[in-house]
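Asks: Structure below; questions to follow.
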Amino acid sequence: EGKQTSFLDTEEMQRVNAFDWEREFPEIFKAGGFDAVIGNPPYLNIDDVWGKGDIRLKTLKNMYPEIYNDKTDILFYFLLKAAVLSKNYVSFIISRAFLEAYKADRLRTWLLSNTVIQEIVDFQNYYIFKGVGITTSIIKLCKDKPPPYFDVYKLKNENQVDEEISYDLVNIKSNFEHYKVKQSDLSGASWTFVNQTDKDIIKKIDSLGVSIGDILLIGQGMQTGRNDVFGKRNIKELRQWNVLKSQYYKRASNSDIQRYSVRDRGEYLLYLENVEEFNTLTSGIQKHLKDNAEALKERAAFQRGNCLWWKYTWPLHKEFYSSPKIMCPYLSKYNRFAIDQSCEYIGLTDTTVLFENKQPENLHYLLGLLNSQLLTFRYKSIGKLKSGGVLEYFWNGVSKLPIRRIDFNKTDEKKMHDNMVQLVEQMLSLNKQLTEAKIDHDQTLIQRQIDATDNQIDKLVYELYDLTPEEIAIVEKSI
């Protein structure tokens with residue numbers, strides 16, 4: 001790779017094992033490159049598998065600056081290299097993650113500028129390779145003049161079954177939804193392909209809404225660097241140590257964040273970010289931290305000088321935690337947003353957190369919209385699809401959800417807002433009752449009331465976004 005790897009010494013070159021294509025295939029490159037490149041590159045995340053200090057990461061950053069992003073898949077670089085090596089065609093079967101991944105935005109931009117897309121086959125939730133928990137897609141590229149449209153084939157939901165791969169499944173076109181897509185309509189943003197009917201509904205929803213990222217303050221959970229030291233505490237232990245109320249929170253793990261409310265798992269987190277001096281802590285806390293001092297000092301953030309050894313590595317958004325907030329897990333099959341009105345929970349790392357921002361709408365109004373079937377339908381064309389129909393709910397996707405604002409000068413709009421707030425308050429009360437109910441009969445009755453209230457919320461959301469009965473039927477069938 002010539003100059004691009006000149007920063008490496010001999011030992012590092014051996015580890016990287018760079019391959020000089022033009023030197024190895026001089027006749028082919030005199031003719032302009034390979035006629036076609038096909039492949040099935042490795043499926044691995046380079047940060048997770050190699051580690052952040054690996055010299056190969058430095059090499060990729062220097063060799064492929066046009067698409068490099070941290071936390072990326074090795075397949076990104078295979079795809080670019082194949083396009084560079086080929087003078088005509090490229091066809092790869094790869095993880096479908098590149099279609100929607102936030103960190104693939106530079107790759108998508110590069111492909112649009114340097115190649116012509118011929119076809120994309122998206123197998124959605126179907127596992128092409130048995131025993132490999134990664135969903136796949138096929139992309140075909142060329143260097144020809146762009147056609148007016150290229151073909152996209154998406155495996156239909158009813159065909160995404162976990163059974164032996166068959167020739168018929170992948171070769172009968174009726175098993176796939178077929179779309180014609182203009183390359184000029186795509187950008188570095190996620191490539192999500194939907195039929196025209198769904199596209200029209202999405203356009204309508206978006207036209208009546210404002211991105212929630214423009215309404216609330218959206219971020220992610222705090223990072224402790226050692227959840228096992230700061231977390232996994234119980235109330236008995238905190239009382240023995242005489243921990244002040246301001247020095248601990250309940251933990252809201254991703255699995256505990258349900259629709260509307262957080263399930264209390266009884267786990268507590270030490271929170272010492274507002275403590276000025278270590279020696280002002282009670283003896284019980286001091287002993288616990290000193291017993292774990294070696295592990296806490298091994299954290300990279302401490303070694304860089306970014307945090308004190310006895311505090312979190314990154315108490316992200318800590319100035320907002322005294323206000324009510326909405327949280328959602330980073331992985332879910334459907335929208336799951338919970339409210340923390342009493343400011344007693346902390347979400348960690350990948351949890352998405354939405355903080356109040358002096359907006360005129362009540363947080364309960366926003367919560368009802370976020371948990372509705374309609375905005376679950378909308379998020380399915382925003383979030384990155386993972387195995388088993390699970391979507392990623394990171395801040396960059398959640399922030400795009402379109403919220404119907406309220407004009408409080410209009411009586412009918414204010415009435416709908418207040419009705420939503422009342423329904424959500426009813427839902428929160430019912431969820432609390434369900435948690436406390438001990439008898440099966442009581443649980444069944446409360447669950448029926450929850451379902452009925454859910455249905456009322458969905459109807460109100462459809463009204464707010466002005467959906468027709470036909471459009472509602474399409475949304476509910478999709479969900």
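Only the coordinates and a few stated rules stand behind these numbers; no lab work does. Just so you know, these numbers come straight off a predicted model, no measurement behind them. Glycine gets a Cβ as well: all are built from the backbone with ideal geometry, and neighbour counts include every protein chain shown.
Asks: For region 53-79 and region 381-436, what is the separation of their C-alpha centers, rounded to whole Å?
Replies: Result: 38 Å between the Cα centres.
Asks: At a temperature of 25 °C and a viscosity of 0.890 mPa s, determine how fast the chain diffuses translationally according to Stokes-Einstein, using the Kirkwood radius over alpha-carbon pairs as Rh; express D in µm²/s, rounded to the nearest whole number.
Replies: Approximately 96 µm²/s, per Stokes-Einstein.
Asks: Looking at the square roots a ≥ b ≥ c of the eigenvalues of the Cα gyration tensor of region 370-470, which shape do they give, rounded for a/c under 1.5, prolate if a/b is larger than b/c, or oblate?
Replies: oblate
Asks: Restricting things to Cα coordinates, could you compute the convex hull volume per residue of region 243-355 in Å³?
Replies: 116
Asks: With an 8 Å Cα cut-off and a minimum separation of 6 or more residues, compute the relative contact order for the chain in percent.
Replies: Normalised by residue count, the contact order of the chain is 13 percent.
Asks: Can I ask one more? Please give the FRET efficiency for residue 232 paired with residue 408, using the beta carbon to beta carbon distance and R0 = 41 Å, rounded to the nearest 0.05.
Replies: Calculated value: 0.35.
Asks: If each residue of separation counts as 0.36 nm, what is the full-extension length gain between residue 31 and residue 245 once their alpha-carbon separation is subtracted?
Replies: Going from the current span to full extension adds 69.7 nm.
Asks: Applying 1/(1 + (r/R0)^6) with R0 = 22 Å to the Cβ-Cβ distance of residue 119 and residue 24, what FRET efficiency is obtained, to the nearest 0.05?
Replies: With R0 = 22 Å, the Cβ-Cβ based efficiency is 0.15.
Asks: Between residue 265 and residue 54, take the C-beta separation as r, use R0 = 45 Å, and let me know the FRET efficiency to the nearest 0.05.
Replies: That pair, residue 265 with residue 54, gives E of 0.80.
Asks: Once the piece of chain linking residue 181 and residue 278 is laid out straight, how much longer is it, given 0.36 nm per residue of separation minus the C-alpha distance between them?
Replies: My answer for the length gained is 28.9 nm.
Asks: Now for a separate question. Could you grab the Rg to Rh ratio for region 338-429? Cα atoms only, Kirkwood for Rh.
Replies: Rounded to two decimals, Rg/Rh equals 0.99.
Asks: For region 195-219, list residues with backbone N below 12 Å from a point placed 7 Å from the Cα of residue 466 toward its Cβ?
Replies: Label zone hits: 204-209.
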